[in-house]
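Just below is one structure, and these are the notes that go with it.
The values are calculated or read from the model by the stated rules, or taken from the named source; none is laboratory data. The model shown is predicted, which means the values in this text are computed figures rather than measured ones. Using ideal geometry, Cβ is built from the backbone for each residue, glycine included, and neighbour counts are taken over all protein chains shown.
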Amino acid sequence: MDLTVRTEPKSIARPRPARKATEAPVHLVAAVLIASAIFVADTLTRLEVAIAVLYVAVILIAIRVFERRGVLVVALACVALTILSYFLSREETSPASGFINLVISLSAVLASTYLALKNQSAAIALHEAQTELAHANT
């Protein structure tokens, strides 16, 4: 599986300007630290608190660093961490509300992943259309 880290555009079709090569590792470290903190907080808090919704921040960082496949891998990792945390912090007090918060958290992660990837695709398509228009006018 190729998890290509995007440090600068590979072709003219990329809408983002070239980034410094040092920015991608900083974003990756930040995403890992944030995901770790969310996992610990989600595991230690009661099930009634939907801490795992904060994995949306990790997805938003990943969309800046990875291509589509890498973002999907990060999203699946966030889903796995959410489910693992649910089972590690299993309480007998109110399993129904804990399960509802699990579903809400998973829905938020998956919806934000879908929307971020759609936004990325639209930005790339817009940039490609602008590039074609610029070449057609010259």
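Values for this structure:
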item	result
Some residue of the stretch 85-97 being out of contact with any helix residue (DSSP H, G or I) (no Cβ under 9 Å at 6 or more places or on another chain) and closer than 25 Å to residue 60 by Cβ	no
Residues of the stretch 29-76 classified as in contact (Cβ under 8 Å) with a residue 24 or more places away in the chain and either more than 18 Å from residue 99 (Cα to Cα) or assigned to a strand (DSSP E or B) (or both), total	23
Sole residue being at pLDDT 80 or above, over 16 Å from the mean Cα position of the chain (by Cα), surrounded by 15 or more Cβ atoms within 10 Å (Cβ to Cβ) and aliphatic (A, V, I, L, M), chosen from 28, 47	47
Some residue of the stretch 89-110 being at pLDDT 90 or above, of a type outside the set (Asp, Glu), surrounded by 15 or more Cβ atoms within 10 Å (Cβ to Cβ) and over 19 Å from residue 35 (Cα atoms)	no
